[in-house]
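First the structure, in the form of C-alpha cells, and then the observations on it.
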Amino acid sequence: MKSNEIKNNDKSANVSNSLNKIVKNGKSLIIAYDQGFEHGPTDFNITNVDPDYVFRIAKEGEYDALAVHAGIVEKYMKSEYKDIPLIIKLNGKTPYQRGDPLSRQHTSVEHAVKLGACAVGYTIYFGSAHEEQMFQEFGKICEQAHAAGLAVVCWMYPRGINIPNEFSTDILAHAARVAMELGADIVKLKYNGDVEAMKWVVRCAGKTKTVIAGGPQIAENDFLGLVYDSMRSGAIGMAIGRNAWQAKEPLKLAKALREIIHNGKTAEEAKKYIL
C-alpha cells in the first residue's frame, strides 16, 4: 500500500472515530444551543439564558452531542462536561440581515480542534442568491476538518428568493444531495410532515446521515410524534434546541426522546416518561 493511501486510510479512521462519538449504534440525539446567535435572546428565559444550564441538560439527559458556538465552549466548559461530544458551529447570522441569507465562517477548524470538538457544523442556505459562497466555504471546511480527523455536520436550510416552498420534497432532496456531495458526514434538515416523502430525501443523502431539526417549541405529545415520524423516515436522529431546553422538565423529555431514537419505542410508548 502506498504511503498516501495509508495516510488517507488513517484520516478516514479518525473521522469515523469522531463520528462514532456523536452517532451511537447508528442513532444520534443532539442538543443544539446556537439560537442565541441566530435569533437573539427572544428564545430565552432567566434559566435557559445561562449556557451552564444547557451543558447540564446535555450531560444529565445523556445527549449524544452538544452543538454550540466557540465562545460558549471557551467560557462555560467545565471538567465535569468533558465527556460531552462537542459540535462547534463555524458560521452564523443574525435575523437582521436583509435580502437573501448569507452565513459566513467566523471560527476556524483549527480553533475547534483546540477546543476539543469532535465535529464542526456549518449552515448553508440552499437556494439563496449567495449559495455559491457558502458552498465554496463549506467545501474547504470539509477538507480541513476531515484532514484534522473531525466529522462535519451541515445545517442545510432551503431559503431565499429562489425557494418557493422550503418543505418541498424535491427541494429538500436536492439540498440533502448537495450536502452529501460537498462532503458532509451528517446533514440536518427540517421535517416536511410526510414520512414517505422524507424517505426519498434520506435516500438522496446517500451515505451522509440525516438528522431532523427540532424547530420551535410545540406541545410535548406532538413533538414526540414528530420525532417518531422522523425516525420512521430513515433519519438517524434529531438535533433539538428549543424543545429540549425550553421544556419544563427537560430530563424527562430527554428520556422519552432516547426511548424513541435509541430504543425504537413509539411516541405513545414514550409518553409515560414525560407524565
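Laboratory data are not the source of any read-out in this text; all were calculated from the coordinates shown. Model, not experiment: these values are computed from the prediction. Reconstructed Cβ throughout: ideal geometry from the backbone, glycine too, with neighbour counts over all protein chains shown.
Data overview
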{"read-out": "Cα gyration tensor shape of region 1-131, rounded if a/c is under 1.5, else prolate or oblate by comparing a/b with b/c", "value": "oblate"}
{"read-out": "Alpha-carbon radius of gyration plus Dmax, which is the widest Cα pair, for the chain in Å", "value": "17.8, 59"}
{"read-out": "Cβ-based exposure ranking for Tyr33, Tyr157, in which fewest neighbours within 10 Å come first", "value": "Tyr157, Tyr33"}
{"read-out": "Kyte-Doolittle mean at least 0.5 and Cα axial length at least 15 Å: DSSP H helices in the chain", "value": "169-182, 250-261"}
{"read-out": "Residue exposure sequence - Asp229, Asp83, Asp64, Asp50 - by fewest surrounding Cβ within 10 Å", "value": "Asp83, Asp50, Asp229, Asp64"}
{"read-out": "Positive-end extreme of charge dipole, region 3-207 - chosen from Leu189, Val73, Phe126 (charges on Cβ)", "value": "Val73"}
{"read-out": "Fraction of beta bridges assigned by DSSP in region 3-207 that are antiparallel (%, nearest 5)", "value": "10 percent"}
{"read-out": "Hits among lysines - C-alpha to C-alpha of Lys11 under 28 Å, sequence gap 8 or more where chains match", "value": "Lys2, Lys21, Lys24, Lys27, Lys82, Lys89, Lys114, Lys140, Lys188, Lys207, Lys209"}
{"read-out": "Other-chain or far-sequence residues with amide H under 5 Å of Lys190's (modelled H)", "value": "Ala213"}
{"read-out": "Residue exposure sequence - Glu80, Glu62 - by fewest surrounding Cβ within 10 Å", "value": "Glu80, Glu62"}
